[in-house]
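**Student:** Quick one: this structure, given as structure tokens, is what I'll be asking you about.
The values are calculated or read from the model by the stated rules, or taken from the named source; none is laboratory data. Quick caveat, the model's predicted, so the values are computed rather than measured. Backbone-built Cβ (ideal geometry, glycine too); neighbour counts: all protein chains shown.
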Protein chains: 6
Amino acid sequence: MEIRIIKSPAHGTLDILLRRKGSGASTPIESVDAVGLVQGRMIEMVCAADVAEKAVGVTVEDIRGNCPQNMVLLAIFGDTASVEAALEEIKRKEKEGTPEW
Amino acid sequence: MEIRIIKSPAHGTLDILLRRKGSGASTPIESVDAVGLVQGRMIEMVCAADVAEKAVGVTVEDIRGNCPQNMVLLAIFGDTASVEAALEEIKRKEKEGTPEW
Amino acid sequence: MEIRIIKSPAHGTLDILLRRKGSGASTPIESVDAVGLVQGRMIEMVCAADVAEKAVGVTVEDIRGNCPQNMVLLAIFGDTASVEAALEEIKRKEKEGTPEW
Amino acid sequence: MEIRIIKSPAHGTLDILLRRKGSGASTPIESVDAVGLVQGRMIEMVCAADVAEKAVGVTVEDIRGNCPQNMVLLAIFGDTASVEAALEEIKRKEKEGTPEW
Amino acid sequence: MEIRIIKSPAHGTLDILLRRKGSGASTPIESVDAVGLVQGRMIEMVCAADVAEKAVGVTVEDIRGNCPQNMVLLAIFGDTASVEAALEEIKRKEKEGTPEW
Amino acid sequence: MEIRIIKSPAHGTLDILLRRKGSGASTPIESVDAVGLVQGRMIEMVCAADVAEKAVGVTVEDIRGNCPQNMVLLAIFGDTASVEAALEEIKRKEKEGTPEW
């Protein structure tokens, strides 16, 4: 899994993500301070999405892209502190490597 | 094959799975306590789906990836004990490695 | 080529296959006792389909899935003995390795 | 490039090919004695198609894979001798390896 | 990540890019002196898009590949100096390799 | 990058290419003496398209095919001398390996 964070994302960057999010381009995302990005295999991404969802103050979306067939990009929208906390939690759970996230 | 379990999945996590399930986003899944995830080659996942279906108390769905015609993940919905039992059975059959699951 | 057989396939397993078969989800498959699965490259699958078709008592379908771009899954529906015979014949022809199946 | 020939193809085998041919499933193919199959990279298959087209008595079709926009296989329909001659010519040109087929 | 620049792009080259850009073929791009191209993994390209967007005087577009849902290339349109500056900034940030672009 | 030329392409070969060209199957291509084919990664292809476009007397089209996700086929239509000149120029620029084609 690869993890990155974009602080104060530019308008065009959000557009690229919002156009490709799984819930459809029309569902709005509230104003975001930061976007966390997590790329990995589909099974990892679903688990990471669950960890992030259970964190506070973030919205999680799967992003369609050029990833190989069983890879996905996950975008985590929210204020900077919440996104950082969610990403930290994802890293921590991954390190533990338990089958039950 | 990689196997994971998510207990008490978050609402957004279920959304990602339900949006991509093969039977269509409109077919409802009853309230789930746990989701088992199985990722592997198509031929393995079809066999794993059959093992899970023959277990008791779970609903099995194929989950699409980026392309609508893909199947990249098997999701097994149900109460925690049933999902764990189904995943155990899949692991056991895989270990046996017999051509007849 | 990888070959497997599912005896008395569960209803949900058949659904996954029938939703993805090349002749369309609406073409019915008569009640099946067993499903043979063959996964490999497109060119092998077409040849394997021909071998199976020439066997007696089976219906052959190509299944869309998560296989890489030039891989396909072939499903062979029929009674257990016929499916086993068709799979045996596919293995035999593959071993011979002649360009003319 | 991999090359195979199916003599007296079964009805279901032709169906798999005809459903996926580039000119559309509705364009008929006259009764065929044999089908030559060529699988390789896109650039190779376009060149092979041209060699086959310039041979006598065969019809050349591009066969799609899982994605509708893909071309994964070249199918050469015709009587057995013509298909064999076309495949021989493709092999010969490939061996020469000249940039001008 | 691979990075290139096309100065005074030909009409047909722009057509290939504009036909595949994420915001749709109908959204116009103002007359461009240069196009910067960045190819890499989805997560890298989203971050590179953000760096370029925050640079001055360029328009950033995601370019689709063969499948409509793919994003394989980032195109940065603008005058030559601005595109060069944006590409320099992308290279610089990549070299730093910080998780926060 | 792989480069080939087909002189006096057969009708069926042109059909395969025209059905898959980026500008749509309905845009006509004037009668062609030769087709140059260039296969490579998307970013290389856009640059090669620009080099070919700036050459005289050729029409450049991107062709959808079975190439992996970030690969494309470029077809260069025109009279034999012009296509050869365009391909020569593409090879020359590639050898130089400059970021500015």
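**Student:** Please indicate, with yes or no, whether at least one residue in the range D:23-39 is part of a helix (DSSP H, G or I) and out of contact with any helix residue (DSSP H, G or I) (no Cβ under 6 Å at 6 or more places or on another chain).
**Tutor:** No; the residues of the range D:23-39 include none that is part of a helix (DSSP H, G or I) and out of contact with any helix residue (DSSP H, G or I) (no Cβ under 6 Å at 6 or more places or on another chain).
**Student:** How many residues does the range F:24-40 contain that are over 10 Å from the mean Cα position of the chain (by Cα) and either modelled with pLDDT of 85 or more or crowded, with 16+ Cβ neighbours inside 10 Å (or both)?
**Tutor:** Total satisfying the criteria: 5.
**Student:** Residues in the range A:1-21 that are within 12 Å of A:Ile76 (Cα to Cα), of a type in the set (A, V, I, L, M) and not in a helix (DSSP H, G or I): how many?
**Tutor:** So the count comes out to 3.
**Student:** Return the residue satisfying two criteria in turn: it lies in the range A:41-68 and is farther than 23 Å from E:Glu53 by Cα and at pLDDT below 85, and of such residues it is surrounded by the fewest Cβ atoms within 10 Å (Cβ to Cβ).
**Tutor:** A:Val56
**Student:** Taking the stated definitions as given, is F:Arg4 at pLDDT below 85 and within 14 Å of chain D (Cβ to nearest Cβ)?
**Tutor:** Spelling it out, it is not the case that F:Arg4 is at pLDDT below 85 and within 14 Å of chain D (Cβ to nearest Cβ).
**Student:** Let me ask something else. Take the range F:48-60 and flag every residue that is assigned to a strand (DSSP E or B) and more than 8 Å from chain E (Cβ to nearest Cβ).
**Tutor:** F:Val58
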